[in-house]
Amino acid sequence: MSFDFEFAKEDLDQILTNNTEGGSWFDLLNTILPDFEINTLPRVAGFLAQCGHESNNFTILHENLNYSAERLHEVFPRHFPTLAAAEPYNRQPERIANKIYGGRMGNGNESSGDGYKFRGRGILQITGRDNYKACSLYLFGDERLLDDPSYLETKEGAVRSACWFWNTHRLNNLADEGNIKEMTQKINGGSLGLDDRKARYKYTVSVLEA
């Protein structure tokens, strides 16, 4: 299986504007995407736009979470309802991850450390013990990513895990419809960054169509 349009390295260089390693990313995408039927222009555009947003054009392969107290209160009001509640977590990524991800997505409670261990990784920011386990079982047939998640921060692991998530959540169907809002909901659980995702999609389509 291959792409039903011409997908070239030069296209990816234009799309990943601040990434100097487009060539190595292109080789992986060119090999892996068709295996998951991400092989039409709308599907590839949707994939690149969403992954580009989540990873700053494939340059960030693990979630930083280095938030100030003010930003924590703004972005995560459920966990930090007041500025005073956020102050003890100011600029402490590990504590922040354990707080906001603890007790959900299969993670243990805040003190377990699962929130940080299973924070977002890869170009689609796979997050949570349940997702790490399911991804590991699909890619390897075992649970190795629960012990060593570092594979998700390699280029190959970042692409394969993103394709696994994309396939599992049937995002090709939404890409066929050009439904960026619903696609974002499946990936993000909300609409965070929707305007940027839409702009990236529009730009990526224009590059791939040229």
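Below is a table of values for the structure above.
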{"read-out": "From 161, 150, residue being polar (S, T, N, Q) and loosely packed, with under 14 Cβ neighbours inside 10 Å", "value": "150"}
{"read-out": "Residues of the stretch 9-20 that turn out to be over 25 Å from residue 186 (Cα atoms), touching a residue at least 12 places away in the same chain (Cβ under 8 Å) and either assigned to a loop (DSSP other than H, G, I, E, B) or of a type in the set (A, V, I, L, M) (or both), as a count", "value": "3"}
{"read-out": "Criterion: within 20 Å of the chain's Cα centre (by Cα), of a type in the set (A, V, I, L, M, F, W, C) and not in a helix (DSSP H, G or I) - qualifying residue of 58, 47, 5", "value": "58"}
{"read-out": "Residues of the stretch 34-75 satisfying the condition of being touching a residue at least 60 places away in the same chain (Cβ under 8 Å) and of a type in the set (Phe, Trp, Tyr)", "value": "36, 47, 58"}
{"read-out": "Set 41, 29, 61: member being closer than 22 Å to residue 168 by Cα, in contact with a strand residue (DSSP E or B) (Cβ under 9 Å, 6 or more places away or on another chain) and at pLDDT 95 or above", "value": "61"}
{"read-out": "Subset tally (residues that are touching a residue at least 60 places away in the same chain (Cβ under 8 Å) and under 14 Å from the mean Cα position of the chain (by Cα)) for the stretch 169-179", "value": "1"}
{"read-out": "Residues (within 29 Å of residue 25 (Cα to Cα) and not aromatic (Phe, Trp, Tyr)) located in the stretch 106-126", "value": "115, 117, 119, 120, 121, 122, 123, 124, 125, 126"}
{"read-out": "Residue 193 vs. criteria at pLDDT below 95, of a type outside the set (S, T, N, Q) and under 25 Å from residue 102 (Cα atoms)", "value": "yes"}
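The values are calculated or read from the model by the stated rules, or taken from the named source; none is laboratory data. Source: prediction; values computed, not measured. Cβ: placed from backbone, ideal geometry, glycine included. Neighbour counts: every protein chain shown.
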